[in-house]
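Working notes for the structure below.
The values are calculated or read from the model by the stated rules, or taken from the named source; none is laboratory data. Because the structure is a prediction, the values reported are computed rather than measured. Counting neighbours? That spans all protein chains shown, and the Cβs are built from the backbone with ideal geometry, glycine included.
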Amino acid sequence: MGDDISSGQFTREQRQRYREKVRTCLDVFERMLVDHHFDFDKPLTGLEIELNLVDEHLQPAMRNAEVLHAIEDPAFQTELGRYNIELNVPPRPLPGESALELEELLKNSLNHAEERANASGTRIVMIGILPTLELEHLEGVEWMSANPRYQALDEAVFAARREDLELDITGADSLRVFASTIAPESACTSVQLHLQVSPADFAPNWNAAQVLAGPQLALGANSPFLFGKQLWAETRTELFLQATDTRSPELRNQGVRPPVFFGERWITSIFDLFEENVRYFPALLPETTDEDPEAVLAAGGAPKLQELRLHNGTVYRWNRPVYDVANGRPHLRVENRVLPAGPTVADVMANAAFYYGALRMLSEDERPVWTKMSFDAAKANFDAGARRGVDALFYWPGFGEVRWDELILRHLLPLADEGLSRWGVATKARDRYLGIVADRCRLQRNGASWQVEAVAGLERRGMDRRAALAKMLELYCEGMHAGDPVHTWEIP
C-alpha cells in the first residue's frame, strides 16, 4: 500500500488515462476471480507496527532517516512523519507455537532498534498517538519524510479540498484547530494485521472483521490524548478520518464518502469493495505503468494491477481488501487496520490472537452474525468502541445492549479460543494471549484508560497537563520496555 511514485505532478490527460487503466484492471481482476487465478496453499498472517521517535525530553524526534540508517534492518521503513518508522514482519503461519516465536522476534527486533536509536539520542515509543505531540511540532516542512509519495498525497488532498483541514473532536476536552497540511495524520500509529484468504473466503472474513471492529477498539484503545487534549479513548480513528478528508463541508453535507471509510454494507465478494473504490473515490495519485494486464493474464502470468492497487492504497478502509503478487503468484488478504500500536509486544500479540481466533469462528458460522445484525449496528459499535473504550456499550444479537467486557468474556473470548484451536495454535500460546485479554476485561483497563488515569493522578499532584503528559509517557516507556501487559501497570 506504500508503493513509491515517480512524480507528484499530474496532468488532466494523465488523470483520464489513469481512470481508464483502473477500469481495465478492475475488469481483469473480475476475470481472475471467476477463473480462480489465486495462490492459496495455506493461510498466512502478517503484521506491521507503526512507531514513534522521541528525544531525551520525550518530544517528537524528526530523525527517522538517521535512525533507520543506524538500525540497518530492511524490516524497518519510513512512515509519513519524520518522527515515525514502521516495522514489517514477514508473512508466517499461525499453527503451533508460531505466535510465541513471533513475540520473541518482535522483542528482539525492537530492542535492537531501540539500542541503535539510543546512540543518536532517540527513543522508540509504541503508542497510538504520541501524547507529547503538539501542533507546533507539525509546522513548516520539517515534519514530513523525504518521499515523493507523501508530498504528492498532501498536495492531492488539498487540491481536492481547496481549503485548510479542520480538526474538530470533542471528548472529555474539545479540540478545534486548522491545519494547512496532512501533518496531523502522521500522529496516527497503528498495528495492521493481515490474513491471506481464498477468494471464496474473503467476504465472510471481511464481514466478520467489520463485526469485530468495535470490540477490538474497546479492548485495545490506546490513543486518548491529542495536542494536549483528552478526547476519545481511540482518538486515532477520528483524527485519521478528519486529517485526510478531501471533502469540503458542502460535500460532507451532500453525503460524499470520505477516504477513511468504514463501509456501508455487508459484501458477497472482494470485488464489491474494489468496485466501490472505483465508483466512489476519485484518484489521488493517478500514476500509470506500462503493464498491459490483459496481455499478462492472457499469457498465463499474474498482472500486478498496479493502478488498481495504488488507488486502493488511498482509500483507507478500516478493514482493507488487498490484492498482491508474491513470487509471481497473486493472492488476496484482509488487512485489519483498526488497532493502535502498543502498549507492549505482549499486548499486541494478545490483540492479534483475539482477532484471529474470533475471526475464524465468526467467518465459519453457518448462520453468521452479520445476517442478524444491521451494518449500521456494526458501525455504531465501532464508533462506541473508539469514543468510550472501557465504557463502551455494544449491540449484539442474542445479547441486546451489552457492555464490551461482558460480551468478550461471555461470548467472543470462548470463540477466539476455539478459533485458535482450529488454526492449530498451541495451548501454551492460547492460554498466554487470551489470558491477557481476559484479565484486561476483568480489570476494565486498556492502554487508553491507563494513560487517562495516570495523567489524572499526576495532575492531582500539582503537575500541569504538559508536564503530566511527559511524565506519563516516561512511565509508559518504562512499562513498554519491561514488557508486562498494560493491565498490570501501576497508576501513579
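Before moving on, here are some points about what is shown:
- Conditions (1) surrounded by 21 or more Cβ atoms within 10 Å (Cβ to Cβ); (2) assigned to a helix (DSSP H, G or I); (3) small (G, A, S); number of the one not met by A156: (1)
- Across the stretch 340-348, a minimum of one residue is classified as among the small types (G, A, S), over 22 Å from K21 (Cβ atoms) and either touching a strand residue (DSSP E or B) at 6+ places or on another chain (Cβ under 6 Å) or surrounded by 22 or more Cβ atoms within 10 Å (Cβ to Cβ) (or both).
- In the set (1) under 22 Å from I127 (Cβ atoms); (2) modelled with pLDDT under 95; (3) surrounded by fewer than 20 Cβ atoms within 10 Å (Cβ to Cβ), the condition left unmet by D173 is number (2).
- Residues located in the stretch 370-407, provided they are part of a helix (DSSP H, G or I), over 19 Å from W318 (Cα atoms) and either more than 21 Å from the chain's Cα centre (by Cα) or not aliphatic (A, V, I, L, M) (or both): T371, D391, W404, D405, E406, L407
- Looking across the stretch 170-212, just one residue is farther than 22 Å from L130 by Cβ and among the acidic types (D, E), and that is D201.
- Residue list for the stretch 108-134, filter: at pLDDT 95 or above, part of a loop (DSSP other than H, G, I, E, B) and not hydrophobic (A, V, I, L, M, F, W, C): T122, G128, P131, T132, E134
- Qualifying positions in the stretch 415-441 - of a type in the set (V, I, T) and farther than 16 Å from P343 by Cα: V425, T427
- Residue ID - surrounded by the most Cβ atoms within 10 Å (Cβ to Cβ), chosen from residues in the stretch 224-255 that are among the small types (G, A, S) and farther than 13 Å from E185 by Cα: A233
- In the stretch 181-205, residue surrounded by the fewest Cβ atoms within 10 Å (Cβ to Cβ) [restricted to those that are of a type outside the set (A, V, I, L, M, F, W, C), out of contact with any strand residue (DSSP E or B) (no Cβ under 7 Å at 6 or more places or on another chain) and in a helix (DSSP H, G or I)]: D201
- The strands (runs of 3 or more DSSP E) found entirely in the stretch 31-107 that carry 2 or more residues being among the hydrophobic types (A, V, I, L, M, F, W, C) are 45-54, 84-92.
- Among the candidates P286, P303, P258, residue that is without any contact (Cβ under 8 Å) to a residue 40 or more places away in the chain, part of a loop (DSSP other than H, G, I, E, B), of a type outside the set (V, I, T) and surrounded by 14 or more Cβ atoms within 10 Å (Cβ to Cβ): P258
- Near pairs, Cβ below 6 angstrom, 6+ apart or cross-chain, from the stretch 137-157 (of a type outside the set (V, I, T)) to any residue that is surrounded by fewer than 16 Cβ atoms within 10 Å (Cβ to Cβ): R149/D4
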